[in-house]
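These notes are about the structure you will find just below.
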Amino acid sequence: MRTLPTKQEVLDVLNKLISDELTREQVSSWATAIMDDDEIPMTDGIVWDALEKLGASDLIATDRPFLYEVKDFVIWRDSLKVQMDQ
């Protein structure tokens, strides 16, 4: 059975998104594939919430290239770090 990524794995992907090591499209595709996989149980709400956000990282806005900016990714990362420390 496949498993949900760990918080650390999600954090690593967020860091790579922020540093441009991964594209928005790569990250969105990765997160969406996990959420769409019925064999992966949703066992961690924090990870699932982060995956939902990452799945939307490549959404296009009407008034700018993307709905979310790097500053949003930093906020998501920092929020995940806080939740990991609790």
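About its Cα centre, what dipole magnitude does segment 7-85 give when the only charges are +1 on Lys and Arg Cβ and -1 on Asp and Glu Cβ, stated in debye to the nearest 20?
Dipole about the Cα centre, nearest 20: 340 debye.
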Item to complete: Find the relative contact order for the chain and round it to a whole percent, using C-alpha pairs within less than 8 Å whose residues are 6+ positions apart.
Response: 36
Worksheet item: Can you work out the FRET efficiency for the pair THR43 and ASP72, with r the C-beta to C-beta distance and R0 = 22 Å, to the nearest 0.05?
Response: 0.25
Worksheet item: Using the Cβ atoms and a cut-off under 13 Å, what net charge is assigned to the surroundings of GLU52, where Lys and Arg are +1 and Asp and Glu are -1?
Response: -2
Discussion item. Let me check I've understood the local charge: for ASP36, count other residues with C-beta under 15 angstrom from its C-beta, Lys and Arg +1, Asp and Glu -1. What total comes out?
Written reply: -3
Discussion item. Test of understanding: ordering TRP30, TRP48 by Cβ neighbours within 10 Å, fewest first, what list do you get?
Written reply: TRP48, TRP30
Worksheet item: Pairing the Cα long axis of helix 24-36 with the longest principal axis of the chain, what angle in degrees results, from 0 to 90 and rounded to the nearest 10?
Response: 30
Worksheet entry | Where labels lie 7 Å past Cα in the beta-carbon direction, separation of SER29 and GLU9 in nm | 1.8
Worksheet item: For the Cα atoms of the chain, what angle does the longest principal axis make with the long axis of helix 70-85, in degrees from 0 to 90, nearest 10?
Response: 30
Discussion item. Spelling out what I want: for every residue of segment 9-17, take phi, set θ = phi - 60°, compute 6.51 cos²θ - 1.76 cosθ + 1.60 (Karplus), and round to whole Hz; glycine and proline get x.
Written reply: 5, 5, 4, 4, 5, 4, 4, 5, 5
Worksheet entry | Rough spin-label spacing in nm, given labels placed 7 Å along Cα→Cβ, for VAL82 and ILE60 | 3.4
Response to the item:
Helix 45-55 sits off the longest principal axis of the Cα atoms of the chain, rounded to the nearest 10 on a 0 to 90 degree scale, by 40
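Throughout, read-outs are computed from the coordinates displayed, never taken from laboratory work. Note that the structure is predicted; figures quoted are calculated from it, not measured. Cβ: placed from backbone, ideal geometry, glycine included. Neighbour counts: every protein chain shown.
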